Amino acid sequence: MAAFLCALVLVSNLILCGCATEKPADAGPAPGSGIAEYAQLAKDASKNVRASLVALDRFAGSAGHNSESDLAAFSRAVQDLQVKSQTVRAHAQAMEARGDAYFANWETNLARVKDVQVRELAERHHEELQQSFQRIKSDTQQGRGVFKVYLAGLRGLRVTVEKDPASLGSESTTELIKKAREQGEQVEKQLDAILAELRGMAAMLKLSKSQTGL
Amino acid sequence: MRIPVKSLCGLTVAMWPVFAGSQPVWPYAPPPPIAAPTTPSAQRNAFNGVKSQVGWLQNSCSTATSYGDGGYGVIWQQFQNLRGAYAGFKNTLTPQQLSYGANEIAELDAGLDILQESFNNYQEDVAAGQSTSSALNNLAQVLSRASGVWLQEFNRDSARLRVGQF
């Protein structure tokens, strides 16, 4: 009887251990899903930064009107940028926090895709992919830094004009607008660099536009 | 009267902090921390807890202005509750889920840090001369929408990691 119970416990343990080691996602990831996801985020971010720059120009052009609605529209544009950029900023921060482990996860996913050609190309271009990862990491880090300054500049401008609506046409506010525009354009450049790098990776892996959106 | 040696040892250990004049020290090792269960039902409960906490946070954002200067504190408290619910949720994930979804978890962590930056923005804007009501309005609007974006990511990542389904 005791031997039977032992055997029963052993079999149960094997079954339970089997369950515990099951992978959270059985199906392999779509080819280039990490590349596609980051490309989509970078493209969205670029669009949002462009929209904020248009709003900034429109606000600058309203100098002399002292209109509350112009300020409200600008304030909404700043809020939009804060909210819509949240996901890409979170990805950038996670990349920085996890470092190489973040990209190792991308590579692991590439090694798990069902498409044999993509897997082989990923193996063959391992070195170049590593270099691309490093450049993306560096561009992302720089972009994140410039974005912080840009957003702070927009918020600072909003507070300045809220305190004194007549200051919109002043020399000091014009300088604030100019600086903010330069920083926004710098963010756009960083995002373009990231997209170019992702395009290069997609080409290395012969991923189609439908797979990456690039 | 004979005093057992074991009792003397115990007494010495118990009184040592008093003699030594230091802070009392528990003479035994602390018990190991109780690990949260990682069962599917525990995960589902924790997942629902995070979702409803986002709802509470958004609720506090829409009513914050009616609390006057206290509005900031109300939103802050709800945000801390969200952080707590999310930390509890992470404790229910299996080692496999934590490893497989390490990037997603790091992104969700970073997302909460970014939401928290809104509170710093409020402080900076007020210090720069913005009225507290206007700064609070901005904080509430940004946080309400941004927490919704974070929740979408949370839902998507949880589905990817098969939270509560394995």
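The values are calculated or read from the model by the stated rules, or taken from the named source; none is laboratory data. The model shown is predicted, which means the values in this text are computed figures rather than measured ones. So basically every Cβ, Gly included, is an ideal-geometry build from the backbone, and we count neighbours across all protein chains shown.
Computed values, structure above
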item: Members of segment B:110-137 found to be facing chain A (nearest Cβ under 7 Å), surrounded by fewer than 21 Cβ atoms within 10 Å (Cβ to Cβ) and under 23 Å from B:Q53 (Cα atoms), listed by number; result: B:D113, B:I114, B:N121
item: Test: residue in segment A:74-81 that is within 9 Å of the chain's Cα centre (by Cα), within 9 Å of chain B (Cβ to nearest Cβ) and of a type in the set (V, I, T); result: no
item: Within segment B:77-108, tally of residues that are within 14 Å of another protein chain (Cβ to nearest Cβ) and more than 25 Å from A:E37 (Cβ to Cβ); result: 1
item: Condition check for A:V49: surrounded by 20 or more Cβ atoms within 10 Å (Cβ to Cβ), more than 14 Å from every other protein chain (Cβ to nearest Cβ) and more than 15 Å from A:P165 (Cα to Cα); result: yes
item: Hey, A:L214 outside any helix (DSSP H, G or I) and under 27 Å from A:D44 (Cβ atoms) or not; result: yes
item: Lone unmet requirement of (1) touching a helix residue (DSSP H, G or I) at 6+ places or on another chain (Cβ under 9 Å); (2) modelled with pLDDT under 95; (3) closer than 30 Å to B:D125 by Cα; (4) away from chain B (no Cβ under 12 Å) for A:L129; result: (3)
item: Search result, residues across segment A:85-114 that are surrounded by 18 or more Cβ atoms within 10 Å (Cβ to Cβ) and either away from chain B (no Cβ under 13 Å) or among the hydrophobic types (A, V, I, L, M, F, W, C) (or both); result: A:V88, A:A90, A:A92, A:A94, A:M95, A:F103, A:W106, A:L110, A:V113
